[in-house]
Structure formats: C-alpha cells, structure tokens
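S.K.: Have a look at the structure that comes next, please.
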Amino acid sequence: MSTTAIIINLLALGCLVFALARDRGRTKQAMGVAVKSFVRILPTVFMIIVIIGLLMAFAPPEVISRLIGEQAGFGGLLAIAALGAVLHIPALISFPLAASLLQSGAGVASVAAFITTLTMIGAVTLPLEIKELGRKMAFLRNGLSFIIAVIIALTMGAIL
Amino acid sequence: MKQDATSTPHRKKARKEMARGYILLAATLVAAAVILRIFPDKVTAATAATRSYFLEMVTILPAVMIIMGLFSVFVSRELVVKYMGKASGIRGIAVAIFFGALPTGPLYLAFPLAAALRSKGASISNIVVFLSAWACIKIPQELIELQFLGVKFMAARLILTIIFVAIMGVFIEKVIEWTGNRGIGVSQRVAR
C-alpha cells in the first residue's frame, strides 16, 4: 500500500471513530450510504480500469503525445478541455484515467484541463442549473469555468 | 421529512444508472476479450496495467466511500444554509469553499441547495464559489487525485482552482449586479 493510501485509510478510520463516538445510529446510516455508493460506482470503476489496460497496451505514446502532449499546442489543449466539458464521467474515475494518459505521453496542461472542465462544467446538468439558478448565472458560471480551466491548465503546464 | 419526498424517484434513477453501469461493464469486458484475442501479444501489457490500477483503486475506494457516507449523513442541509447565509467577504468565500468541498453528494443536489441559499440571503459570489467547490474541490476527488496524480499535481491544481474560483465568483456577482437581477430566476422562487 502506498503512503497516500495509508493516509486516506487512516483519515477514514479517524472520521469513523469520531462519528461512532458522536452518534451510533447516524453512523450506521452513513455506512449504509457508503455501501450503496460503493456498489453503484463499482461497475464504472472496473470498466475504466479495463479501458486503461487496453489504452496503455495499444495507444502508442507518440500518438497520445501528438494529440494531447507537449507538441499538441494550444489547439490540442482547447480540444481536450472541450471534451471534458461535454463528457459526463464520474470525477472519481477520471483521475486514474488522467494518470494513465500522463503515463502514456499526455502533457500536464492537457490532463489538468481535462479534469478541471470535466468536474467544473456539466453539459448534462446544465438544464437543471438553469432551472434552479437562472440562465444568466448558469451560462456565466459554465462559460467562465471553461476559461479559468484553460488558465489553470496553462499555469500547471508551466510550473510542473 | 423533506428527504422522503425525493427518495423514490431518486432511488429509481439510481437503480437504472447502476443497471446501465453493469451492462456497460459487461460490454467492455466482452470487447476487451475480443480485442486481446486478436492481439495476443498485448495481453501481458494490458493485464499488467489493469492490475496495477486495480490495486491502487481498491486500497482507497472503500475508505473514500466511508468518508463520503459519513459526511452526507452528518452534515445537514440546514447546517449549510445556516452558516452560508450570513457569511460574507473573504470569510464568506472560505465558508463556501469549505461547505462545497465536504463530500455530500452529486452536483445535481447542489443546485436546489444553491437556490435555497440565494433566497436565504447568501451573496451571488458565495453561491458561485459554493457550486464550483462542490463540483471540483470535493474532498473524495482530491483524495483520489492525490493517490493517482501525486501531491504536487493535486496541490497545484487545488490552489489554482481556489484562487480562480474566488475571482470568478466576485466577477459573476459584479456582472449580475451591473446587468440587473432579473435574469437570476430566484426572485420568482422567493415570491412563490
């Protein structure tokens, strides 16, 4: 187990002990929620892991690097940011996918742009956002999020 | 209770999503088997990558789910509304990021909550920051990002996101103030 994994597990254990001390009933309820979300996300997790296996075995690093790597330039960055904005992948599984892309030649900026637009912008949830918060605020938030995602990505590409 | 009213359609939707998840998984497995049958020389590389990612995932996923479950039960909607309604300025932004980052459910739950916050008097900048934090600074996400992309990547993206989300929140508030409040749609909601 990596250090990160140990820290995360200790954190969960700490929260659990604290919760048990405060309220046994609600902790039990929370465990129910945890098991349910675990079962719900499991197939998607397995699926992405299988896809990552195929990706790393088949996609040649030169191709990935040309599409979304250092050589892809600003156009490549915008393209992957747009892809992230449109796709509806659970954020939790986008990180292993991003790691595998990095490992096979993608640039830091592209990966950062992809994750940021993927989580921050929801094309699928946009109608609900408009309904609850109004057209102006929804469009402003999603539009500006795209711009700041690109700025974040460029900064990360420069500093990492 | 309020939650009961939404639980039935929510549960039905969740079940449908899960069934779709398993169907997609089965399809992916079949496709992978067929592809690897055609290219047997790739089997070792593919299974090695899959195994290493599987191990990384399996050592943290249960812990992440426990953290999410605990927060979703222990942090009530009332608590969020209570603290976010009155906080303003830098403190308001910090509170909005804090409550947005708590692992308490998917983004579609945040929109009605944000609308409720608006009617309780929370500022537009706080609401934008809250929504953005909910979308992309969630604690479980950060934990998984830490595991797969490392502390440098995760910390850099986290800090940059907080800075730019705060700027965006203030900017959107100014734009909406300049152009008038009519488009926001919350006013009708309050009147109702």
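Bear in mind that the values in this text are calculations on the coordinates, not laboratory data. Here the structure is a predicted model, which is why all the values come from computation and not from measurement. With ideal geometry, Cβ positions are generated from the backbone for all residues, glycine too; neighbour counts draw on all protein chains shown.
S.K.: Leaving out same-chain residues fewer than 8 places away, which aspartates and glutamates sit with a Cα under 17 Å from that of B:Lys13?
M.R.: B:Asp4
S.K.: Within 13 Å, Cβ to Cβ, of B:Val95, how many net charges do the neighbouring residues add up to if Lys/Arg are +1 and Asp/Glu are -1?
M.R.: Taking every other residue near B:Val95 into account, the sum is +3.
S.K.: Quickly estimate the mean residue ellipticity at 222 nm for the protein assembly as shown, helices only: each DSSP H run with n ≥ 4 gives -39500 (n - 2.57), and the total goes over all residues, rounded to 500.
M.R.: Per the formula, -28500 deg cm²/dmol.
S.K.: Follow-up question, since we're still on this one. For segment A:109-160 and segment B:48-120, what is the separation of their C-alpha centers, rounded to whole Å?
M.R.: For segment A:109-160 versus segment B:48-120, the Cα centre distance is 18 Å.
S.K.: What aspartates and glutamates sit close enough to B:Lys152 to cross-link, taking a C-alpha to C-alpha distance under 17 Å and skipping anything fewer than 8 places away on the same chain?
M.R.: B:Glu142
S.K.: Quick one: if you stick a label point 7 Å off each Cα along the C-beta vector at A:Ile6 and A:Asp23, how many nm between them?
M.R.: For the pair A:Ile6/A:Asp23, the computed spacing is 3.4 nm.
S.K.: What average count of beta carbons from other chains do you get within 10 Å of the Cβ of residues in A:105-111?
M.R.: 1
S.K.: Taking chain A as a Gaussian network, Cα atoms linked when under 10 Å apart, which of A:Ala149, A:Ala19, A:Ala106 shows the biggest mean-square fluctuation?
M.R.: Answer for the Gaussian network model of chain A: A:Ala19.
S.K.: Identify all lysines with a Cα-Cα distance to B:Lys86 below 21 Å; exclude those on the same chain that are fewer than 8 residues away in sequence.
M.R.: Reachable lysines: B:Lys120, B:Lys174.
S.K.: To the nearest whole number, what is the average tally of beta carbon atoms from other chains within 10 Å of the beta carbons of peptide B:134-140?
M.R.: 5
S.K.: Springs between alpha-carbon atoms under 10 Å, Gaussian network over chain B: tell me which of B:Ala96, B:Ala48, B:Ala155 tops the mean-square fluctuations.
M.R.: B:Ala48
S.K.: Report the residue, chosen from B:Ala115, B:Ala33, B:Ala46, that carries the largest GNM mean-square fluctuation when chain B is represented by alpha-carbon nodes joined by springs under 10 Å.
M.R.: Evaluated over chain B, the most mobile residue of the options is B:Ala33.
S.K.: Here's a follow-up. For A:Glu70 and B:Lys120, what is the calculated FRET efficiency with R₀ set at 51 Å and r taken between the beta-carbons, to the nearest 0.05?
M.R.: 0.60
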